[in-house]
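One structure is given below, represented as structure tokens, and several questions about it will come after.
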Amino acid sequence: MELVYSWLKEYVDVNLPIVDLAHSLTMLGMEVEKVRLVGLPKPEGKNTGITFHGLAWDPEKFVVARVDKVMPHPNADRLVLCQLFDGKEELTVLTGAPNLFPYKGKGQLDQPLKVAYAREGAKLYDGHKPGHVLTTLKRMKIRGVESFSMICSEKELGISEEHEGVIILDNTAPEGTPLVDYMGDAVFEIAILPNMVHCANVIGVAREVAAYLNKPLKFPDTALPAGGTPIKEKISIEITNNELNTRFVVGLLQGVKAQPSPYWVRYRLQLAGMRPINSIVDATNYVMLEAGEPLHAFDYDILVKRAGGKSPTIITRTPKKGEKIITLDEVERELDDFTELVCDTSGPLSLAGVMGGLESEVSDQTTNVLLEGASWNFINIRKTVASQRLKSEASYRFARNVHPALAETGVRLGLQRMTAWSGGEIADGLADVYPTPRVDPIVTISEADVERLLGVHIKAKKIAALLERLEFKCTVKNDLVNAQSPAYRTDIGEAVIGKADVIEEVARLYGFDKIPPTRLQAELPPQRGNTAEERDRLVQDTLASLGLQEVISYRLTSPEAEQRPYPADSQPETLHYVEIQNPISVDKRVLRRSLLASVLEALERNIRQRERLTLFEIGPVFLPKKEELLPNEPFRLAVALSGLRHPNAWDTKTPVNLDFFDLKGIIEALLQALHIDEYTFVIDSHASFHPGKCALLTIGKEKIGWLGELHPKVIENYGFLEAPVLAADLDLELLCTFSPKDFIAAPLAVYPPIIEDLAMIVPEETSSAEIEKVIYASGGFLLKQVELFDIFRGEQIGEGKKSTAYRLTYQAPNRTLTDKDVGKLRVRIIKQLEKELNAKVRKAD
């Protein structure tokens, strides 16, 4: 939110320096992120960490001036000469401002113009260059006429980006006055917390500042003049759903004329980030920024026409089937069945609380205005904004729950502003439908409650006095305070939550900086390890040490994205997902069931940036359970690899791509880090993986997951490069159950090993895992390692058979082994291989 300093001072006497005010606002819970200075010099002294920026106007160089004549330039069609009085002397000033061309050749003006004037030597922004480029006014000749000063545009003064025309001030501006004294200002950029929508307006902030400084709040008079046509004869209102539309208030202004608003109004709106349009629309925006109630103006004559010349009826309802509306941004919108609308008997007029409809908008020809202020269900507004992807200043406020009492206040202030700036007569009374008035909660707190939460003792009367500054209605009985929430707050809860809310208000006004620090009375709880976190950290560290990069993806996805890791002709049957009721986008409407899809998407997005890319992700998946609210959330591990095994280099003749065994080696290294020894890789098939290049990791009877090279038909679903893509999808939670909590660490052996090779011919279907299992079982504790280093198939071996060669390492912890020791073990191993696997051990040549 952008808070204009001069606007704030209309409602509370603030005598604090700007730096101190910024600090006070931050202490009140409205963090000031930076301050934009408009004409004011940068404050000196305190370093609060707040950024100040803007152009300072030298009081001697920038003044209010009066233009009496506008004459044509003798040598240029697009330039004019202005006879100007700057408070000291009469001057002739050259300008090319388009908004002075209507006066060209007129000479003496019917009414003098008041302008912002910069004298020779003034430093300002160059209005013809992009951005903010400082320049200094110097004397020069332009088309034969000497120029040494200028009438300024808003861009040149740092007010806005507008530079097509010069500033024409209100006629009441006193010529000769330093411009910084007349319109110098500061704009505080404030971060408004979601529960503080009551501060998203000038009066709301002024109320907080007045309470903090213990000064009175100058609330504007909301009385309307009596007389005029009774509004009951002109309009009727019908609310069809009290839960979606709590209150609806309208007023009528007849005989208005849309025209430019006074400059001070346009100036404030621009400083606050709003674009001035005309005096009618500006009044609605001004009141929204002033009081916090978004208003909407309808062209009343259009409503009468839609009603067939009769008095219109305003209806708030949800849409009928197939109904559409064209909003002010000229977009035709299809409506959800939950969307609340403002309608008449002919159809929709606006998206309630979000944006008006194009057909009934006010224009320069509007003469009668129906002004609406209402209260809408904030949850429904959020749903509408998300569904329509349409944000507005109105929806920003309504989506945070504006109090229904502000509807009447806003309409009254809006009618006052409109009649002041656009003329016209206000109809007698307001049409106000408020079926179920809001009951503001009453919360009881005690001195002990305050001391328990804040650590400081405050008397009950003092507590009540602080709350009453914020317009809480309080009664005190002994050490208890009964506080009723004021009619502008919707963030005060009831019971226990309400106590915390009210005590927070006490803390804000008492001053967070006045609450002394206290030590914890209770002992710190014993430190206990977080098994799940330690597990994840071990896996992350292990994979990162192997050169993989971790990715973290959204848990929200779409069923279409989850189908990509499967061939088009092998899609799994319809899967059930945990669905999001109010998704932020179409591609994030369900919770994921697989990590593999997200890791492959990350690989697809980044594979063209690297010669080699190795990724992994750890996280939960969400599997719905029948007839249960919450899903299962098992943790899984997904790995994806692609690219070169080694980087390209001058000595690399033929680059080699990563393959299945690189992936298998990574998984084995992870298993070793988890101290899991009894595992098996079994040849298997899976729809996502290439036939013959897929394995199932099992431990005992449990299936941990699959790994392998992606199926060619899966590759077609992605934009990968030509290199094979390897992937693994493992049940990490199940895998870690096999990781022992305790394990034995043995010292390094100091005696040398004996290493020998063992080759054998076995049936083709015999797996290496089966062979290694027999060798380890036969070799006993002296056999430390069995490593496959060669596989051979050929005519010499015979059809249906293969030759495998293993390197065996023997080592004793307490002595040096002899050939005799190893020979006995070798004989036993060979016998078992022949007996159990029908192996034929090959003798060395």
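The values are calculated or read from the model by the stated rules, or taken from the named source; none is laboratory data. None of the values given here were measured: they were computed from a predicted structure. Don't worry about glycine lacking a Cβ; one is built from the backbone with ideal geometry, like all the others, and counts go over all protein chains shown. Calculation scope for accessible area: heavy atoms of the full protein, side chains included, ligands and nucleic acids excluded. Shrake-Rupley method; radii C 1.70, N 1.55, O 1.52, S 1.80 Å.
Starting from the stretch 394-467, pick out the chymotrypsin sites (Phe, Trp or Tyr not before Pro) whose DSSP state is loop and whose Cβ has at most 16 other Cβ atoms within 10 Å.
Of the chymotrypsin sites (Phe, Trp or Tyr not before Pro), not one in the loops of the stretch 394-467 has a Cβ with at most 16 other Cβ atoms within 10 Å.
Another question, then. What is the stretch 1-106's relative contact order, in percent, from Cα pairs under 8 angstrom and six or more apart in sequence?
Dividing the mean separation by the residue count of the stretch 1-106 yields 16 percent.
Under the 0.36 nm per residue contour assumption, what length would be gained going from the current alpha-carbon distance of ASN75 and THR135 to full extension?
Residue separation times 0.36 nm, minus the Cα-Cα distance, leaves 19.0 nm.
Kindly state, to the nearest 0.05, the FRET efficiency for HIS675 paired with ASP541, given R0 = 22 Å and r defined as their beta-carbon distance.
After rounding to 0.05, the efficiency reads 0.90.
Rounded to the nearest 0.05, what FRET efficiency is calculated for LEU520 and LEU623 with R0 set to 25 Å and r the Cβ-Cβ distance?
After rounding to 0.05, the efficiency reads 0.05.
Probe of 1.4 angstrom, ligands and nucleic acids ignored: what's the accessible area per residue over the chain, in square angstrom?
51 Å²
Ranked from the most accessible area to the least, with a 1.4 Å probe and all protein chains present, what is the order of HIS53, HIS690?
HIS53, HIS690
Compute the FRET efficiency between LYS257 and LEU358 as 1/(1 + (r/R0)^6), taking r as their Cβ-Cβ distance and R0 = 22 Å, and round to the nearest 0.05.
Step by step, r from the Cβ atoms, then E = 0.50.
Below 17 Å, Cα to Cα, which lysines can LYS461 reach? Residues fewer than 8 away in the same chain don't count.
LYS473, LYS477, LYS499
In whole Å, what are the extents of the stretch 329-433 along the principal axes defined by its C-alpha atoms, from largest to smallest?
Cα extents, longest axis first: 39, 30, 25 Å.
For the stretch 105-238, give the magnitude of the charge dipole about the Cα centre (Cβ charges: +1 Lys/Arg, -1 Asp/Glu; no others), in debye to the nearest 20.
340 debye
Name the residue from CYS199, LEU217, ILE239 whose Cα lies farthest towards the positive end of the charge dipole of the stretch 193-252, charges +1 on Cβ of Lys and Arg and -1 on Cβ of Asp and Glu.
LEU217
Which label marks the calculated value of Cα extents along the principal axes in Å, given the options [x] 85, 76, 55; [y] 108, 65, 47; [z] 122, 80, 65?
Matching the structure shown: [z].
Hey, could you pull the Cα Rg and Dmax for the stretch 49-173, both in Å?
When restricted to the Cα atoms of the stretch 49-173, Rg and Dmax are 14.5, 54 Å.
Once you have the Cα-Cα distance between ASN195 and TRP264, take 0.36 nm times their residue separation minus that, and quote the gain in nm to one decimal.
21.7 nm
Write out the chymotrypsin sites (Phe, Trp or Tyr not before Pro) in the stretch 126-220 meeting two conditions: DSSP loop, and at most 16 other Cβ atoms within 10 Å of their Cβ.
Passing sites in the stretch 126-220 are PHE148.
Which of ASN368, ILE442, ALA405 sits closest to the plus end of the dipole of the stretch 359-463, meaning its Cα is farthest towards the positive end, when Lys and Arg get +1 and Asp and Glu get -1 on the C-beta?
ILE442
Which percent of the accessible area of the stretch 783-825 is formed by carbon and sulfur heavy atoms (probe 1.4 angstrom)?
44 percent
What is the sum of charges around ALA211, taking Lys and Arg as +1, Asp and Glu as -1, for the other residues whose C-beta is under 13 Å from the C-beta of ALA211?
+1
In a shell of Cβ-Cβ distance under 10 Å around ARG469, excluding ARG469 itself, what net charge do Lys and Arg (+1) and Asp and Glu (-1) give?
Net local charge, ARG469 excluded: -2.
Now, a different point. Quick one: with all protein chains in place, what share of the accessible area of the stretch 667-777 is carbon or sulfur, to the nearest percent (1.4 Å probe)?
The nonpolar share, carbon plus sulfur, comes to 56 percent.
Along the charge dipole of the stretch 445-524, pointing to its positive end and built from +1/-1 on Cβ of Lys, Arg, Asp and Glu, which listed residue (ALA522, LEU454, GLY493) has its Cα farthest out?
With unit charges placed on the Cβ atoms, the residue in question is LEU454.
Suppose the chain between SER685 and GLU33 were pulled fully straight at 0.36 nm per residue; how much longer would it get relative to their current alpha carbon spacing?
228.9 nm
Treat each spin label as a single point 7 Å out from the Cα along the C-beta direction, and report the ALA746 to THR475 distance in nm.
Distance between label points: 8.3 nm.
What is the magnitude of the charge dipole of the stretch 737-845 about its Cα centre, with +1 placed on the Cβ of each Lys and Arg, -1 on the Cβ of each Asp and Glu, and no other charges, expressed in debye to the nearest 20?
Roughly 420 debye for the stretch 737-845.
What residues from the stretch 764-781 fall in the zone where the backbone N is under 17 Å from a label point 7 Å along the Cα-to-C-beta line of ARG793?
Within reach of a label on ARG793: 764-769.
Another question, then. Add +1 for every Lys or Arg and -1 for every Asp or Glu among the other residues with Cβ under 12 Å from the Cβ of ILE159, and state the total.
-1
What part of the accessible area of the stretch 1-124, given as a whole %, is carbon or sulfur when the probe is 1.4 angstrom?
Carbon and sulfur: 47 percent of the exposed surface of the stretch 1-124.
Also, I was wondering about something else. Here are some pairs, LYS310/LYS391; LYS232/LYS310; LYS703/LYS835; LYS218/LYS459; which of them have Cα atoms lying more than 23 Å apart in this structure?
Exceeds cut-off: LYS310/LYS391; LYS703/LYS835; LYS218/LYS459.
Describe numerically, in nm with one decimal, the distance between label points set 7 Å from Cα along Cα→Cβ at LYS459 and at THR652.
8.1 nm
I would also like to ask the following. When only DSSP loop residues count, what chymotrypsin sites (Phe, Trp or Tyr not before Pro) in the stretch 597-686 have their Cβ near at most 10 other Cβ atoms within 10 Å?
TRP650
While we're on this one: Taking the Cα centre of the chain as origin and charging only Cβ (+1 Lys, Arg; -1 Asp, Glu), how large is the dipole, in debye to the nearest 20?
Magnitude of the dipole: close to 860 debye.
Reachable lysines from LYS138, Cα under 27 Å, same-chain residues fewer than 8 places away excluded?
LYS42, LYS61, LYS69, LYS88, LYS104, LYS114, LYS123, LYS129, LYS155
Please give, to one decimal in nm, the separation of the simple spin-label points placed at PHE512 and ALA769, each 7 Å out from Cα toward the Cβ.
Each label point is offset 7 Å from its Cα along the Cβ direction, giving 5.8 nm.
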